[in-house]
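Undergrad: This is the structure, below, for whatever I ask next.
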Amino acid sequence: MTVLVDTRDDFTLENFRRVAVDGESVEIGPVARRAMAEARAAFVSLLDADRTAFFYGITTRAGLEVTVTIPPEDQLAFARSFSGRSGRGFGGGFLDERVVRGIVFARLADFVEGNAKVRPIVAERVAALLDLPLPLVPLDGQVGAGEVLPMRHVTMGLSDLELEEGEGMALINGSPASSALLADTALHARHRLSHAEKFFALSIEAIRAPLDAYDEALESLWGDAQETAALRALRGHLASAETENRLGHQAPVSYRIVPRVLGQARRAVEGVERAAAVALRSVTQNPVYVPPDEDHPRGRVLSTGGYHNAAAPAALGMLALAWAELALLAERQVTAMHLSSVSGLPHFLNPRGFEPDSAGGATNLFGWVAGSFVEEARAAAAPTLLPASINDPQNDVSSATFSAYRKERRAAECLDDALAILALVSSQALYVTERRPAPPLEPLLQAVRSLFAPVDGTVVRDQGVEAGRLARVISKGALSGALAFEDLGE
């Protein structure tokens, strides 16, 4: 299958998924080719009218050398010097290949309506990168003014492309990396949250929390659409749950505030999805070409800060914060289930006849492990501000998107790990009390037990390895949307 792009309206999250995740190619449509050809001709006419006028990165050098003019006879050679430049970042591992594919896709949004002033052949060559082995793009060392650093890595495969005036800057300027990092996060976020709601529902059943905290009456009392959605999701998982023999007192705070914290997480997910949808179809070039109109028959070239996506770090940061808070709730619930004075469950969730080791408890030490993940998530949720380092007096503010993306990723990983622990401890609580969860949660419980069986003390097990496998399933499911417990391939 191939994604056809003709206008910026074709740059949607669904098309991003098809290209980045499903590996589909991109075809530049006839409308886009015509728009680019017409814009290119108009731009060349504007440039030829006065090749001494200021056009950033075209008639002058770029960055700190912005005041250095380029003689008209050297402007073509300067444009071609941008082809296949090597990247500079290193360290921190590399972006997943799907994200690099997403950057290539997002790059084309600047091209298709002529705002990047490139010829159709340039857009076609960029699209063709998706059919070739893509370069490795490091996660670290990519903080600069705009996204020139990562884009130098992404476009290294265009070293044989003979560029013309203005096309070199069009390859490496703008913010397609921010668009792709946002979109990649958006593809994971709603699935991750949906799975978290299931695991919290399983925990509610495991401790026998009263169902008052999830009652339908709360929807109108709270008056919030996202919290209403969270309440409804939890009630869906708890449908036909037993109403007898639940705790005779109100559950710990971590159980009663789950709908409201999940509601806030839904707001964060919606924020990332909205920011990604806007970014994917935005023109972020600098300089940007505005095609001809009645007042400007040759069009205009504008120097702007469009390449700086200020929404991306903020949206990613809010999501990291949501993940950290959900991880904390999971850890608190794990602790609550192990304390008989709170939960009314057997001490440390030990089955009858269980002989604890020197540390005590069948699954109690997982509370310690969960605490480690919570602290990591909280550290990752620290605000990502504009970097204070100054590259030079011209490029004096840098982008924070890569830093925010790394933090969100780490917070998400920690949440997945905390949810794995919540799941196995919930399973243990149900096992030692010989209870079944609400019918909608039964398949989830059996799936969890296929990877982490209840601890009965009959065999010596590496519980950490088993929990890690469960966490990997949860992480993979955030992208696919399905918790594929049967697919344990690395």
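Values quoted throughout were computed directly from the atomic coordinates according to the rules given, and no laboratory measurement underlies them. Here the structure is a predicted model, which means the values were calculated and not measured. Here Cβ is always computed from backbone atoms with ideal geometry, including for glycine, and neighbour counts include all displayed protein chains.
Undergrad: Order of TRP368, TRP222, TRP323 from fewest to most other C-beta atoms within 10 Å?
TA: Sorted ascending by nearby Cβ count, the order is TRP368, TRP222, TRP323.
Undergrad: Relative contact order of the stretch 2-173: what whole-number percent is it, with Cα pairs under 8 angstrom and at least 6 residues apart?
TA: Relative contact order for the stretch 2-173 comes out at 31 percent.
Undergrad: Compute the distance from the alpha-carbon center of the stretch 298-316 to that of the stretch 152-204, in whole Å.
TA: Value for the Cα centre distance between the two parts: 16 Å.
Undergrad: Could you size up the charge dipole of the chain around its Cα centre, putting +1 on the beta carbon of Lys and Arg and -1 on that of Asp and Glu, and report it in debye to the nearest 20?
TA: That gives a dipole near 540 debye.
Undergrad: Mean residue ellipticity at 222 nm from the helices of the chain, using -39,500 (n - 2.57) per DSSP H segment of n ≥ 4 over the full residue count, to the nearest 500 deg cm²/dmol?
TA: Working: 18 runs with 252 residues, N = 490.
Taking each H run of at least 4 residues, the total per residue is -16500 deg cm²/dmol.
Undergrad: Note the full-extension length gain between ARG300 and PHE90 as 0.36 nm times their separation in residues minus their Cα-Cα distance, in nm to one decimal.
TA: Numbers: separation 210, 0.36 × 210 = 75.60 nm, distance 3.73 nm.
Stretched out fully, the ARG300 to PHE90 stretch lengthens by 71.9 nm.
Undergrad: Give me the distance between the Cα centres of the stretch 63-115 and the stretch 433-460, rounded to whole Å.
TA: Spelled out, the Cα-based centre of one part sits 53 Å from the other.
Undergrad: By how many degrees, 0 to 90 and rounded to 10, does the Cα axis of helix 366-380 deviate from the longest principal axis of the chain?
TA: For helix 366-380, the angle is close to 20 degrees.
Undergrad: Taking the Cα centre of the chain as the origin and placing charges on Cβ (Lys, Arg +1; Asp, Glu -1), which of ALA177, LEU316, VAL118 is farthest toward the positive end of the dipole?
TA: With unit charges placed on the Cβ atoms, the residue in question is LEU316.
Undergrad: Okay, moving on. Once phi is turned into ³J(HN,Hα) by the Karplus curve 6.51 cos²θ - 1.76 cosθ + 1.60 with θ = phi - 60°, what whole-Hz value does each residue of the stretch 19-25 show in order, with x for glycine and proline?
TA: Listing the rounded values in order: 6, 6, 8, 7, x, 6, 7 Hz.
Undergrad: Would you list, by chain and number, the lysines whose Cα falls below 25 Å from the Cα of LYS476, excluding same-chain residues fewer than 8 positions away?
TA: Those lysines meeting the cut-off are LYS198, LYS407.
Undergrad: Right, something else. I'd like the antiparallel share, as a percent to the nearest 5, of DSSP beta bridges with both residues in the chain.
TA: Looking only at bridges with both residues in the chain, the antiparallel portion is about 60 percent.
Undergrad: Would you work out which of SER282, ALA230, PRO252 lies farthest towards the positive end of the dipole of the stretch 221-289? Charges go on Cβ: Lys and Arg +1, Asp and Glu -1.
TA: SER282
Undergrad: Here's a follow-up. In the chain, if the dipole is taken from +1 on Lys/Arg beta carbons and -1 on Asp/Glu beta carbons about the Cα centre, which of LEU386, ALA438, LEU47 is farthest to the positive end?
TA: ALA438
Undergrad: Going by alpha carbons, how many degrees (0 to 90, nearest 10) lie between the helix axis of 311-338 and the longest principal axis of the chain?
TA: That helix lies at roughly 10 degrees to the long axis.
Undergrad: Let me know the charge dipole size of the stretch 184-316 about its Cα centre in debye, to the nearest 20, where only the beta-carbon of Lys, Arg (+1) and Asp, Glu (-1) is charged.
TA: For this selection, approximately 360 debye.
Undergrad: Under 1.5 on a/c is rounded, so check that first for the stretch 2-173, then, if it is not, pick prolate when a/b is larger than b/c and oblate when it is not; a ≥ b ≥ c are the square roots of the alpha carbon gyration tensor eigenvalues.
TA: Because a/c hits 1.5 or more and a/b fails to exceed b/c, the stretch 2-173 counts as oblate.
Undergrad: What order do you get for LEU187, LEU182 when you list them from fewest to most C-beta neighbours inside 10 Å?
TA: LEU187, LEU182
Undergrad: Please give, to one decimal in nm, the separation of the simple spin-label points placed at ALA310 and THR67, each 7 Å out from Cα toward the Cβ.
TA: Reported label-point gap for ALA310 and THR67 is 2.8 nm.
Undergrad: Just to verify a number: FRET efficiency for SER194 and ASP74, C-beta to C-beta distance, R0 = 45 Å, to 0.05? It would help to have the intermediate numbers written out before the result.
TA: Numbers: r = 57 Å, r/R0 = 1.26.
That gives a FRET efficiency of 0.20.
Undergrad: Taking only Cα atoms, what is the 0 to 90° angle, nearest 10, from helix 401-432's long axis to the longest principal axis of the chain?
TA: 20
Undergrad: Using Cβ contacts closer than 10 Å as the measure, can you line up LYS198, LYS407 from fewest to most?
TA: Values: LYS198 20, LYS407 26.
Least crowded to most crowded, the residues run LYS198, LYS407.
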